[in-house]
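The values are calculated or read from the model by the stated rules, or taken from the named source; none is laboratory data. These numbers were taken from a predicted model, which means no experiment stands behind them. Glycine gets a Cβ as well: all are built from the backbone with ideal geometry, and neighbour counts include every protein chain shown. Side chains included, ligands, DNA and RNA excluded: accessible areas come from the protein's heavy atoms. Shrake-Rupley method; radii C 1.70, N 1.55, O 1.52, S 1.80 Å.
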Amino acid sequence: MYNANKPRIEDLPSPAQLKRSSIIAAAAAVALLITVVLPAEYGIDPTRAGRLLGLTEMGEIKSQLAEEADQDQQATLSTGLLSFFVRSAQAQEDPIWTDEVTFRLSPGQGAEWKLSMQAGAVAQFSWYADQGVVNYDLHGDAAGQSISYEKGRGVEGGTGSLQAQFTGSHGWFWRNRSKTPVTITLRLTGAYDDVQRTF
């Protein structure tokens, strides 16, 4: 089918015109880079045109924010490393454990271990799930009272202190939500009367 809109050869730009257009486009891109992009993004303004257009200040603010973010990240990293070393030092100074219990949880199975404690008493604990993770709830209960100290999902273990907020039973409920059996070891010491499995 005949295309009436087909351009004629003489209407098409010549190679020289294409080359000239390419050079003009490249020059315009460089000019925009120098006068707009560098001032607006990086605060670099070799021609001073960016300052006249109000772009240099914006770029300086962006650069300052980026620098502050980098400093914050470095500070967070340093704090994290310090925290890691503190935890490592604490791990090396583990207390002498009074009790240790080990039990196995099949997939979907739960278990609860409780300490009998007086109000204000403190117990140290350390527990870990061997070759797996579990969900847990550290809580306490007595006649008419209950409290949840902390919870976790997909956790390998925990270490810390438990201070009884009231006289009663305080301890952990663990559940294995994985597809493989998990063995949990719980170590304890401190001011509690006894430890027993309640579920």
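Taking 22 Å as R0, compute the FRET efficiency from the Cβ-Cβ separation of residue 156 and residue 96 and round it to 0.05.
The formula returns an efficiency of 0.40 here.
Rounded to the nearest 0.05, what FRET efficiency do residue 24 and residue 67 give with R0 = 41 Å and r taken as the Cβ-Cβ distance? Could you check?
0.65
Return the FRET efficiency for the residue pair residue 116, residue 180: r is the Cβ-Cβ distance, R0 is 35 Å, and the value is rounded to the nearest 0.05.
Given R0 = 35 Å and the Cβ-Cβ separation, E is 0.60.
Please get the size of the charge dipole for region 133-189, origin at its Cα centre, with Cβ charges of +1 on Lys and Arg and -1 on Asp and Glu, quoted in debye to the nearest 20.
Dipole magnitude for region 133-189 comes out near 260 debye.
Would you kindly state how much longer the chain becomes between residue 51 and residue 135 on full extension, computed as 0.36 nm times their sequence separation minus their alpha carbon distance, in nm to one decimal?
24.5 nm
Which order do you get for 42, 192, 149, 128 if you rank them by accessible area with a 1.4 Å probe, largest at the top?
Accessible-area ranking of 42, 192, 149, 128, largest first: 42, 128, 149, 192.
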